[in-house]
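What follows is a single structure, written as structure tokens, with notes after it.
The values are calculated or read from the model by the stated rules, or taken from the named source; none is laboratory data. The model shown is predicted, which means the values in this text are computed figures rather than measured ones. Glycine gets a Cβ as well: all are built from the backbone with ideal geometry, and neighbour counts include every protein chain shown.
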Amino acid sequence: MIGKASPLKSEFISLIKVYLFFVLFISLNFVVNAETAKPGEVQVTSTGTGETRDSALVDACRLAVAKVHGTRILGKMANTDAAGIKGEASMKGFKNLAVTGDVKTYGVQDNTSMTFDGLLLKYDLKKEEKISNGRWSVDILATVLDTIPDRFAGKQAVVIPTAAKIESGLSSDNVSPSTIKEVAQSLHDALRDTFANHPQFVILERESEDALNEELERASSGNGAAKEQSKLKGEKVADIVAVVKGTPLKVTVNTTKFESTPPLQKVMIQERGTINLIDVSTKGEICSSAFEASNAKPVPSAGEIEPAVEKALGEFKSNLNESMRSAKVDLMGKLGIANLTCQKTGSLVVTGGLDPRLLESGDKISLWKGQGIGLTRVGEAVITVDGNDVTFDNSSLKIDRGDVLAFRIDSMKPLNKTASTSLKSPETPSTSDSSGTSPKSSLKDRIQFDN
């Protein structure tokens, strides 16, 4: 036989239901708040006052930031009247005993300022009202960022030397500053493109710094950003510092003078150097790559020396770009980034985010298997490039579908290839025309003047 529940028991069950409902409500409310409180964010409430609604809102926002980050207070108190002003004053002492006498009063000025610094992501307006004397009061729920998410997460930060820094290493007594500056800018731009066109890297702007020493100092100062999140006002420290070491730019001008015609200038420009990548954490060298450029042969030009050098510089820069193209591939290869993937027999695809423009049809490349220092040479081939697709002329290469190969540029396509003897002195006499054809009947016939 089942009896009816007693009134006391029913009341107890009702209380339990109310309690469970209250706990469920609190839990759901906690879950909602937890979802809005993301890592690095803090939610605070604050009340601001002001003469207007907007000024009260601004006051509430800065007080919310101050709750998370604190406030920098600068205070100053000054005596504006050191001599004092004499006067008569009275005060009531014990048992209303009147005391009178001569006193001095001083003017004192108190000047205090407060500085608020932080990032307010958002706020919700909870309450606003007019209070006494027509002033406003505003209550907000604010979300304040206490750390800055690292924008460079998953990337390697690189610092490259400025054009001015490269220029200082190319200085030469017999070369005009404008020519050196132009070559230095070309080197800077080529190096910047090496990393700017690859998604794995981010370039940090560092103007007028001695890159490596400054980065090491920044890393040891305590203001360096963590890999995941950086402190407010923290600076990102580079992972890699690129250093360009160049020899003084060499410009050689041979002048042939004539009685009735403008002089003939033959100009040769030469430069060589290395790019070193330094690991900031160890101060050790990650890898290096050499570059070398010159005119394939002395560039002839009739007239004054300065325009002749300018003409030769145009050809030199073209050869420098080609040399830097090879150096870029070499650097990316040594970093393990310059890869080709075999999709079908005889066909490869540029992978790893490498800029496909670094390869051109007619280049001769060497192919390698393995990783790091355990690379094994597979062979070499002259390639044809079509977008990201690379085909090669060597059918004897044994490459299976799915293979990932490292590569290097062994030689450029013949059209832009720099002469292997480019750094020899152009003053060496020759018994034949530098173009490879047989000499003509007279010196005058062999001179090609520019009109």
Inside segment 29-69, the number of residues satisfying the requirement of being within 39 Å of the chain's Cα centre (by Cα), aliphatic (A, V, I, L, M) and modelled with pLDDT of 80 or more is 10
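Could you tell me whether residue 172 is at pLDDT below 85, under 21 Å from residue 310 (Cα atoms) and surrounded by fewer than 17 Cβ atoms within 10 Å (Cβ to Cβ)?
For residue 172, the condition - at pLDDT below 85, under 21 Å from residue 310 (Cα atoms) and surrounded by fewer than 17 Cβ atoms within 10 Å (Cβ to Cβ) - is met.
Does segment 145-152 include one or more residues that are part of a helix (DSSP H, G or I) and either surrounded by 15 or more Cβ atoms within 10 Å (Cβ to Cβ) or at pLDDT 85 or above (or both)?
no
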Given the condition within 41 Å of the chain's Cα centre (by Cα) and either within 21 Å of residue 146 (Cβ to Cβ) or modelled with pLDDT under 80 (or both), answer yes or no: does some residue in segment 95-111 qualify?
no
When restricted to 279, 239, the only residue surrounded by fewer than 19 Cβ atoms within 10 Å (Cβ to Cβ) and under 30 Å from residue 157 (Cβ atoms) is 279
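Out of curiosity, is residue 251 under 27 Å from the mean Cα position of the chain (by Cα) and either among the charged types (D, E, K, R) or crowded, with 20+ Cβ neighbours inside 10 Å (or both)? Write out each step before concluding.
Details: under 27 Å from the mean Cα position of the chain (by Cα): no; either among the charged types (D, E, K, R) or crowded, with 20+ Cβ neighbours inside 10 Å (or both): yes.
No; evaluated as a whole, the condition is false for this residue.
Kindly evaluate residue 292 against the criterion of being touching a residue at least 24 places away in the same chain (Cβ under 8 Å), out of contact with any Ser or Thr (no Cβ under 6 Å at 6 or more places or on another chain) and either of a type in the set (S, T, N, Q) or at negative phi (or both).
Details: touching a residue at least 24 places away in the same chain (Cβ under 8 Å): yes; out of contact with any Ser or Thr (no Cβ under 6 Å at 6 or more places or on another chain): no; either of a type in the set (S, T, N, Q) or at negative phi (or both): yes.
No, not satisfied.
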